[in-house]
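Below you'll find the structure, written out as C-alpha cells, and then a few comments.
What follows draws every value from the coordinates through simple rules; no lab data is involved. The structure presented is a predicted model; accordingly, all values stated were derived computationally and were not measured. Every residue, glycine as well, gets a Cβ built from its backbone with ideal geometry; the counts of neighbours run over all protein chains shown.
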Ligand SMILES: [Zn+2]
C-alpha cells in the first residue's frame, strides 16, 4: 500500500475497456484525457494507509513478503490510537518510507501530537520506521529487554536494510526512552493504553497493548495470521502465552502480520495449531534419534497448508525449535 503511494499507476487502458475513439476526441487530446481518467481510477482504488477499526483506532496492514525495494519494508502491521490529548503509534514499519507514510496519514486524521511510539518487539520490520517520528519528540516505549535484543542484531539488520538502497540508508533504529518491565499505563487523554510484557515467546521482548476504550488488543507478533509464524524466542513459552490469551477477551485484535481479527481465538488458533504441530514433530524426530540436519530436511518438506512464506520461515522455525527442545525432550 505504501508501494502504491510511491509507484506510478501502471493500469492498462485495454483493461478498463476504454478506447480513444469512444470519446470522439482528436488523437492529440484523447491520451491526455485518458491519463486524467486513469489517475482518477487510481486514486479511487488507492487503499488508505490507515484503516479505521474502532472509534479513534486505526490499523495499517503490512504486506506479506520479505524485504525488497518493491515493498519498501512495509511488512508488518501498525496501530494508531487517538486520545483527547495525543496520539500513540504501535510499531512503525520496516523503513523510513513506511514511517513517513503513516505519519502523514495521522496528520490527515488529527492535529494532535504523537506523544508515544510503542514497539511490540525488536524485529526490524517493526522498528525501522521510527525515525519518521523523532521530530515529534514522543516517548519511544518498549519492553525492558528490547534495546539489548535490538542492538545485538543491529549489524545484521543494517545488511537487510541495504536491500532497500537509499531509503534503507535513511532508515535507522531509535533507542527506546521508556522501558516497561511488567505492565504500564499510558494516558492519551480520556483514553488509557495498558502495556504488558510477556515471558519469552515470539522473542524475549514481546509487549502487547490494550486500548480499554475500544477493547482493541494489539498483539504484535504474538499473533501471526496468514504469514507463517516466526520463532525467534521460545516455542514452549509462545504456546504458554497463547494459553493465557485464551482466557482473555477483546473486541478487535490486531496481529503483527495479517488481517484484523474479531476475537482472540480467531487471531491465535491457527498459529497455535502450527506451533503445536511444530513442537510435536520436532519432539518425535528427537526421540527417533534424528539429528538437526535430517530433521530440518524432513520437516521442510511438509505442505504449507494455509501459510504464506512457508518455505522461507518454516525451516528456520524447525532449526530454532530443535535447538530449544533437544535439551528438554
Ligand atoms: Zn517479529
Bins of 10 Å from zero: percent of alpha-carbon pairs in the chain: 6, 24, 31, 21, 11, 5, 2, 0
Rough spin-label spacing in nm, given labels placed 7 Å along Cα→Cβ, for residue 85 and residue 263: 3.6 nm
Rounded to the nearest 10 degrees, what's the angle between the helix 30-45 long axis and the longest principal axis of the chain, both from Cα atoms, 0 to 90? 30 degrees
Please work out how much length the chain gains when fully extended from residue 66 to residue 212, using 0.36 nm per residue of separation minus the C-alpha to C-alpha distance, in nm with one decimal. 49.2 nm
Between residue 293 and residue 183, the FRET efficiency computed from the C-beta separation at R0 = 35 Å comes out, to the nearest 0.05, as 0.25
Residue span residue 226 to residue 246: 0.36 nm per residue of separation minus Cα-Cα distance leaves a gain in nm of 5.3 nm
To make sure I understand, if each residue's beta carbon is the centre and we count other beta carbons within 10 Å, what order do 244, 269, 89 fall in, fewest to most? 244, 269, 89
What is the Cα radius of gyration of region 182-329 over 2.2 N^0.38 Å, N being its residue count? 1.12
Within region 239-257, what residues put their amide N at less than 19 Å from the label point 7 Å along the Cα-to-Cβ vector of residue 323? 239
Spin-label zone in region 162-192 - amide nitrogen under 17 Å from a point set 7 Å from the Cα of residue 104 along the C-beta vector: 167-168, 170-171
On each of the three principal axes the extent of the alpha-carbon atoms of region 89-173, given in whole Å and largest first, is 37, 31, 16
Final fewest-first order of 103, 153 on the 10 Å Cβ neighbour count is 153, 103
Long-range share for region 43-90, i.e. C-alpha pairs more than 18 Å apart as a percent of all pairs, stands at 41 percent
At a 10 Å Cβ-Cβ cut-off, how would you order 197, 216, fewest neighbours first? 197, 216
When the Kirkwood radius is taken over all Cα pairs of region 65-208, what Stokes-Einstein diffusion coefficient follows at 20 °C and 1.002 mPa s, in µm²/s? 142 µm²/s
Find how many whole Å separate the alpha carbon centroid of region 278-318 from the alpha carbon centroid of region 109-177. 32 Å
How long, wide and thick is region 185-248, going by the Cα atoms along their three principal axes, in whole angstroms, largest first? 38, 23, 20
